[in-house]
Amino acid sequence: MENNLGHQSAAIVDPPIPFPADGQPGHMVLFYRHDDYLLDALSEFIGNALRSGDPAVVVATQEHRDDLADRLYRRGIDVGELLQNEVYIELDAAETLKEFMVDGMPDAERFKSTVGSLLERTRKIARNGKPVTIYGEMVALLWKDGMESAALCLEEYWNGLGETNPISLCCGYPLKSFPGMNNGDSFRRVCAKHAVVIPAEGFSLLGGMDERLRSVACLQQESQALETEAQLRRGEAIYRNLVESVQEYAIFALNSQGLISTWNAGAARILGFEEAEILGRHFSCFFTEEDILSGKPEWELQAARSQGRFEVEGWRLRKDGWKFYTTMVLTALRDEAGAFIGYAVGAQDITEQTIGREPLGEIRENILESEKSLRQFSLLVMRRQEEERRRVGEDLLDSLGQYLSVLNMKLDSMRTFAEERESKGNEEMAQCLNLVEESIKEVRAISYLLYPPLLEEVGLRPTIPWYLEGFTKRSGIKTSFKISPDFRRISNDASVAIFRVLQEALSNVQKHSGSTTADIQLLTRNNCVLLIISDAGKGIPSELFTPGNGGPSRLGMGLRGMSERLRCLGGRLEITSSGKGATITATIPLACCSPVAMSA
């Protein structure tokens, strides 16, 4: 007998567990009511891989790991030996989560570092490139604790990892974590992140035939939806590969606030920014300072949003500050409901077509030569300035410092003489001695700040902590300092530039920010030296700073001078600000930090 859905009632039984065939990767979700059902299923899933000599990873609670090991033993699998040979790997779900959770959400880079390195080890054991078999219930722990967004984000990270690593992954969810399954929202969100949905045991436990048929129909709909999504993902992957391979055009996307969210190879070639350093920056970073002050970037974004599509030609800036003429098309993006979600941007460099190929080459060559000469002159001026600072500092310490030292000795002798005669001027003499001692300290501090001898003798690593200690004593602002373990000594020019940026930045923190703390980092990253100074103050006033531009804009001469100093060394100064503080980042390529590079 058939019902109105076309299903025969005799066919509705607890289904077998449809794990993918041997050697086929996939991302599955297994729903279960009872632990026995889960563990029996896992002993088959994990056991099949281990019997074939392939690696398997289990990230679960201690109880589940112990019960699973017991079932594998009963299936004739020597778990102890496999654990010793790292063919079978057990991890605690809660402890593993701690490795990559940041502020209640999984961190993408930490996840890749934690799980990616594990897969790198186990993949070497797998035969003929077969997928690594993995069971995980970290997502179930997050879901149980009410952290649904974090669980779904982690599922998405697994999907991203599966695109580059062959894995056969099963995630387990107890059905008691879905008390609101009647409306299906939570259940559907989990299913949407997986390619295969394995229903829970006990269909026969459902109240009646209609209820069981509705469950089957629901799972069938989920399966169809997942297949559609898989097709969309494949299409998106093809489109993404096509866009990323285009070299002649810059193609990138902006979110609704105008921040860059995608970046293709053509954009890197035309605009000079690598993907890692441009993502998250504002669209305005390609505009000249004059255009930013006039509000042109926001005007173009608003025009694209209101008109749907906006095309414009004009001058833009590359990463190195070079201007180029471009035609740019901005298209507003909307979701299925019509809500605005961002922009797609396409740009082409048409400088030579606009100005003329031959004259442009000559002009560019002359400008580059002039710019090179100007920067060499600027670097020479700054070197002479530092030499003069050092001379003044040494003279100050040698002359005035010596005079004060002699005066201090004379006053000390006079105090001894006054004490012997119990003179009334003894107290005044002690005050004079104290003033002289403070003057000597001040002269010594000024001399060292003009040009710290430590900087030339031993470099930045010991000099910065010395300076921060004195800065905290003078200002009352607490500082912290972090330095890369592999940081090596750099050229004197680069060291001086980094130190001067630190001085200027901390001076601004003391004078303007109102912050009681400052955090300093000296790092080597992406073949560059980075100095990062962050405070927790009131930030930079909006009339002096344009967010996303990354440059000093209308800030004071001190930071402008620091910016030019870094540019002479091939580096740059970037500034970000909000109501919670400001961050100044000085970057110099390592190639420009060697003594050979700086003497050229």
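Data table
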quantity	calculated
Lys124 being assigned by TED's automatic domain parsing to the domain that holds Met147, in contact with a Gly (Cβ under 6 Å, 6 or more places away or on another chain) and not hydrophobic (A, V, I, L, M, F, W, C)	no
Those residues of the stretch 512-529 which are within 17 Å of Leu566 (Cα to Cα), aliphatic (A, V, I, L, M) and buried (at least 18 other Cβ atoms within 10 Å of the Cβ), in sequence order	Leu522, Val529
Subset of the stretch 83-122 (residues that are of a type in the set (D, E, K, R), touching a strand residue (DSSP E or B) at 6+ places or on another chain (Cβ under 8 Å) and either part of a loop (DSSP other than H, G, I, E, B) or in contact (Cβ under 8 Å) with a residue 60 or more places away in the chain (or both))	Asp107
Count of residues meeting criterion [more than 16 Å from Ser284 (Cα to Cα), in contact (Cβ under 8 Å) with a residue 12 or more places away in the chain and either in contact with a Leu (Cβ under 7 Å, 6 or more places away or on another chain) or of a type outside the set (Gly, Ala, Ser) (or both)] in the stretch 328-347	4
Selection count, the stretch 255-313, where residues are touching a His at 6+ places or on another chain (Cβ under 9 Å) and over 17 Å from Thr327 (Cβ atoms)	4
Filtered residues of the stretch 298-354 (kept if assigned to a strand (DSSP E or B), of a type in the set (Phe, Trp, Tyr) and farther than 18 Å from Trp263 by Cβ)	Phe310, Trp315, Tyr325, Phe340
Options Ser491, Ser513: the member that is within 15 Å of Cys593 (Cβ to Cβ), touching a residue at least 24 places away in the same chain (Cβ under 8 Å) and not acidic (Asp, Glu)	Ser491
Matching residues in the stretch 534-555 - criterion: being assigned to a loop (DSSP other than H, G, I, E, B) and at pLDDT below 55	Phe545, Thr546, Pro547, Gly548, Asn549, Gly550, Gly551, Pro552, Ser553, Arg554, Leu555
Residue selected from the stretch 505-533 under the condition under 19 Å from Lys473 (Cβ atoms) and among the charged types (D, E, K, R), by the criterion modelled with the highest pLDDT	Asp519
Verdict on Ser149 being farther than 15 Å from Val59 by Cα, assigned by TED's automatic domain parsing to the domain that holds Phe31, among the small types (Gly, Ala, Ser) and within 26 Å of the chain's Cα centre (by Cα)	yes
Subset of the stretch 76-109 (residues that are out of contact with any Ser or Thr (no Cβ under 6 Å at 6 or more places or on another chain), closer than 20 Å to Trp143 by Cβ and of a type outside the set (A, V, I, L, M, F, W, C))	Asp92, Glu95, Thr96, Lys98, Asp103, Gly104, Pro106, Asp107
Of all residues in the stretch 130-169 being of a type in the set (Val, Ile, Thr) and not in a strand (DSSP E or B), the one that is surrounded by the most Cβ atoms within 10 Å (Cβ to Cβ)	Val139
Segments classed as helices (runs of 4 or more DSSP H), wholly inside the stretch 419-499, with at least 1 members that are crowded, with 19+ Cβ neighbours inside 10 Å and modelled with pLDDT of 85 or more	460-475
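For (1) modelled with pLDDT under 55; (2) within 30 Å of Tyr32 (Cα to Cα); (3) β-branched (Val, Ile, Thr); (4) surrounded by 12 or more Cβ atoms within 10 Å (Cβ to Cβ), each residue gets a yes or a no:
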{"position": "Leu226", "(1), (2), (3), (4)": "yes, yes, no, yes"}
{"position": "Arg233", "(1), (2), (3), (4)": "no, yes, no, yes"}
{"position": "Ser256", "(1), (2), (3), (4)": "no, no, no, yes"}
{"position": "Trp263", "(1), (2), (3), (4)": "no, no, no, yes"}
{"position": "Leu293", "(1), (2), (3), (4)": "no, no, no, yes"}
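The values are calculated or read from the model by the stated rules, or taken from the named source; none is laboratory data. Just so you know, these numbers come straight off a predicted model, no measurement behind them. Heads up, the Cβs are rebuilt from the backbone with ideal geometry, glycines too, and the neighbour counts pull from every protein chain shown.
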